[in-house]
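**Student:** Have a look at this one.
The values are calculated or read from the model by the stated rules, or taken from the named source; none is laboratory data. As the structure is a computational prediction, the values presented were derived from the model and not from experiment. Counting neighbours? That spans all protein chains shown, and the Cβs are built from the backbone with ideal geometry, glycine included. Each accessible area value is taken on the protein alone, full model and side chains, heavy atoms only, with ligands, DNA and RNA left out. Shrake-Rupley method; radii C 1.70, N 1.55, O 1.52, S 1.80 Å.
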Amino acid sequence: MKNFITITSLLFTASVTLISCNDSFLDRPPLDEVISDMYFEKPQDLEIYMNQYYSNSFFPKYANHGNDYDSDNLVSSTVNTRLQGTRTVSVTGSIGFGNVRSLNYFLNNYQKIEENHELSTYQQYVGEAYYFKAVTYFNLLKSYGDIQWLDVDLGTSSPELYMDRTPRHEVANRILSCLDTAAMYLSEERTNGYSRINKWIALLMQSRVALFEGSWQKYHSGTAFAPVDVDPTPYFEKAAEAAEAVMASGLYSVYTNGSAEDDYRELFNRRDYTSNPEVLFWRKYDNELSRGDGDFTNDRNFRMSQPLGRSMAKQMVDQYLCVDGKPIAGNSLFQGYEDINTEFENRDPRLAQTIATPDQVWKVAADGSTQNWSQIYNRLNSNTDLNAPTGYVIQKGYDPQVIYHVQQYEETPSILFRYAEVLLNYAEAKAELGTLTQQDIDRSIKPLRERVGMPNLMINEIAADPNWEFPALSPVINEIRRERRIELAAEGFRWEDIARWAAADEVIVGTRPRGFLASQIQQNPFPVDQDGFLDPFQKAVPDGYGFKLDRDYLNSIPESELNLNENIQQNPGW
């Protein structure tokens, strides 16, 4: 991608050494005029202003599924347009700087209360503003690449509206710096995990951003998507450093009650996460506080009681190891594909705790009576509600206790940030740096595998897998990527991982999602491949997904934006 040159004194040149996003720029005279009836007089004013950001735009109703449908993990009833490469340039619409504008207003005006109040009484809300600005820009960076970095309050005639795009590595540096500042101001207490963010969430986000940008710079190097001569190393170092800080806090750990056959599933269907050691932040729903309000109810579990077009791809299922810690290829423990029950035998327990099998509990009534998922599998794909294109029905995050689930008044909470990601970010960053040791594995991968009774990953004893997704990379990076895919399945990470690894050519282009053996379904409306496996998009995508490698990693800039600002250019390939 073109490295745009900044054209206003608002922006300064950023090197790979991470630059500051502290209060220094706030001491300058106002750079623009903003008309607002908001006036900050006391800490409560700051708190009220920041409350607006604890909404669906930053904290969705639930983390499950999400962007995994933009990947090779999950399959819906229709062909994904990103994967197929059939998206077109948006004619209308905007990139969306609304949150940037309102956050800049806060950051440029909160000092009005300095003379009458101690920093300790309001620093939490300042930290939140830096955090939300960082997350806003991270979302823009992932969508558009180079994006204008703004520190001023935008008015209708602000010259910054017409500035050139800021190179993506500069934007990434400023995001990381904002998160440094956020971590400095935010509370170090663990808190209840749902009211307000803390320092450790800012550091988790920093490890996520740094790992994303380091990977992007490394694997997109030499393409139109990456700047020239940007060293990814400092980003990987920052990712490992931030993750390790969370690990060293001692506040979080991998949740377990000692049941390898149920701990992983149980983590995602708890009724409360206040004291859960793995959950950094979660969404609480309380009908007593706001009955029927869409933002205060979560109908995920109600909807997950039937597939409704959601299912997991065979390509994903095949990534689960056998209980000996080795891949299924050539492994005598693997029982084949004859039916889903035998297919899941001797496999990583996370598989059967993510995908339902017919013999597992589907519903538990108020009187304690139960029904099994066989009630679904016996009628699978017979109508729209029972549609699961690949046959593998997702149950991760589903609670079979039907007494809790009423569509309009669903109170099941949802995990948004958990410690497992911290551990996985740490391991991957260290592996990318080439400094990963067995001790690092024992601190990160081992606790996740121990929870489900799987053998530890031993760096010097990795079994070769003829079906590794990334054969050109080292065995340890392949296995750490596998562990990430398995542990975070259906939590919305997979597309971003594919994008930052520039991996669409390896796992998307020319492929189609497959399912289990079609002979297991009594009424099958989908095509079947030559080996008898469900091939739901065989007719719709006969040549496999047509993802355009020179275009589809980023979104297009809407034409309306290009017409308004002649200084910006369209993204590559659009």
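**Student:** Cα to Cα, under 28 Å, and not fewer than 8 places away if on the same chain: which lysines meet these conditions relative to K112?
**Tutor:** Output for K112: K42, K133, K199.
**Student:** So, one more: Rounded to the nearest 5, what % of the DSSP beta bridges within the chain are antiparallel ones?
**Tutor:** If we restrict to bridges inside the chain, about 95 percent are antiparallel.
**Student:** Once the Cα gyration tensor of region 372-424 is diagonalised, what are the square roots of 5 times its eigenvalues, in whole Å and ordered largest first, as equivalent ellipsoid semi-axes?
**Tutor:** 26, 18, 10
**Student:** While we're looking at this one, here's another question. In nanometres, what is the gap between the two model label sites at M458 and Q407, each 7 Å from Cα along Cα-to-Cβ?
**Tutor:** Here the modelled spin labels are 5.3 nm apart.
**Student:** Can you tell me the FRET efficiency between A248 and N51 if r is taken as the Cβ-Cβ distance and R0 is 45 Å, rounded to the nearest 0.05?
**Tutor:** For R0 = 45 Å, the calculated efficiency reads 0.90.
**Student:** So what's region 32-156 giving for Rg/Rh, alpha carbon basis, Kirkwood Rh from the mean inverse pair distance?
**Tutor:** Computed over Cα atoms, the ratio is 1.07.
**Student:** Using Cα atoms only, what is the angle between the long axis of helix 168-185 and the major principal axis of the chain, expressed in degrees (0 to 90) to the nearest 10?
**Tutor:** With rounding to tens, the tilt is 80 degrees.
**Student:** Determine which aspartates and glutamates satisfy two conditions relative to K218: a Cα distance under 17 Å, and not lying fewer than 8 residues away in the same chain.
**Tutor:** Counting by Cα, and skipping residues close in sequence, K218 has these aspartates and glutamates nearby: D146, E170, D229, D231, E237, E428, E432, E496, D497, D505, E506, D550.
**Student:** Turning to a different aspect of this structure: Roughly how many Å is it from the Cα centre of region 223-249 to that of region 519-574, as a whole number?
**Tutor:** Their Cα centres are 30 Å away from one another.
**Student:** Give me the one-decimal nm value for the distance between modelled label points at Q523 and N192, 7 Å along each residue's Cα-to-Cβ direction.
**Tutor:** Label at Q523, label at N192, 4.7 nm between them.
**Student:** Round to the nearest 10 and report in Å² the accessible area of R514, as given by a 1.4 Å probe over the protein chains' heavy atoms.
**Tutor:** Accessible area of R514: about 60 Å².
**Student:** I need the shape label for region 284-374. Rule: rounded when a/c is under 1.5, else prolate if a/b > b/c, else oblate, with a, b, c from the alpha carbon gyration tensor.
**Tutor:** Prolate.
**Student:** Determine the gain in length on full extension of the stretch A224-S94; use 0.36 nm per residue of separation and subtract their C-alpha separation, reporting nm with one decimal.
**Tutor:** 44.5 nm
**Student:** Using the structure shown, select from K61/K142; K326/K548; K326/K363 the pairs with a Cα to Cα distance greater than 27 angstrom.
**Tutor:** Result: K326/K548; K326/K363 exceed 27 Å.
**Student:** Here is a further query. Could you state the angle between the C-alpha long axis of helix 233-249 and the longest principal axis of the C-alpha atoms of the chain, as a value from 0 to 90 degrees rounded to the nearest 10?
**Tutor:** 80
**Student:** Under 37 °C and 0.692 mPa s, how fast does region 129-196 diffuse according to Stokes-Einstein, given a Kirkwood radius computed over C-alpha pairs? Answer in µm²/s, whole number.
**Tutor:** After rounding, the answer is 244 µm²/s.
**Student:** While we're looking at this one, here's another question. Per residue, what volume in Å³ does the convex hull of the Cα atoms of region 99-214 enclose?
**Tutor:** 112
**Student:** In region 147-244, which GluC sites (Glu not before Pro) fall in coil by DSSP and have 16 or fewer other Cβ atoms within 10 Å?
**Tutor:** Answer by residue number: E188, E189.
**Student:** Identify the GluC sites (Glu not before Pro) of region 536-570 meeting these criteria: DSSP loop state and at most 12 other C-beta atoms within 10 Å of the C-beta.
**Tutor:** Taking region 536-570 and a limit of 12 other Cβ atoms within 10 Å, the loop GluC sites (Glu not before Pro) found are E566.
**Student:** For the chain, what does the accessible surface come to per residue with a 1.4 Å probe? Please give it in Å².
**Tutor:** On a per-residue basis, the chain sits at 40 Å².
**Student:** Tilt of helix 438-451 relative to the longest C-alpha principal axis of the chain, in degrees (0 to 90, nearest 10)?
**Tutor:** Its long axis makes an angle of about 60 degrees.
**Student:** Out of region 333-422, which GluC sites (Glu not before Pro) are coil in DSSP terms and have no more than 16 other C-beta atoms within 10 Å?
**Tutor:** Hits after loop and neighbour filter: E338, E345.
**Student:** Only Lys, Arg, Asp and Glu count, each charged at its Cβ (+1, +1, -1, -1), so figure out the dipole size of the chain about its Cα centre, rounded to 20 debye.
**Tutor:** 840
**Student:** How high is the relative contact order of the chain? Use alpha-carbon pairs under 8 Å, at least six apart in sequence, and give a whole percent.
**Tutor:** Result for the chain is 22 percent.
**Student:** Continuing with this model, one more query. Over the chain, what percent of the accessible surface lies on carbon and sulfur atoms, probe 1.4 Å?
**Tutor:** Taking all protein chains in place, the chain shows 47 percent carbon and sulfur surface.
**Student:** Right, another one. How are the alpha carbon pair distances in the chain distributed across 10 Å bins from zero to the largest one, expressed in percent?
**Tutor:** Whole-percent P(r) values from 0 Å outward: 3, 16, 27, 27, 18, 7, 2, 0.
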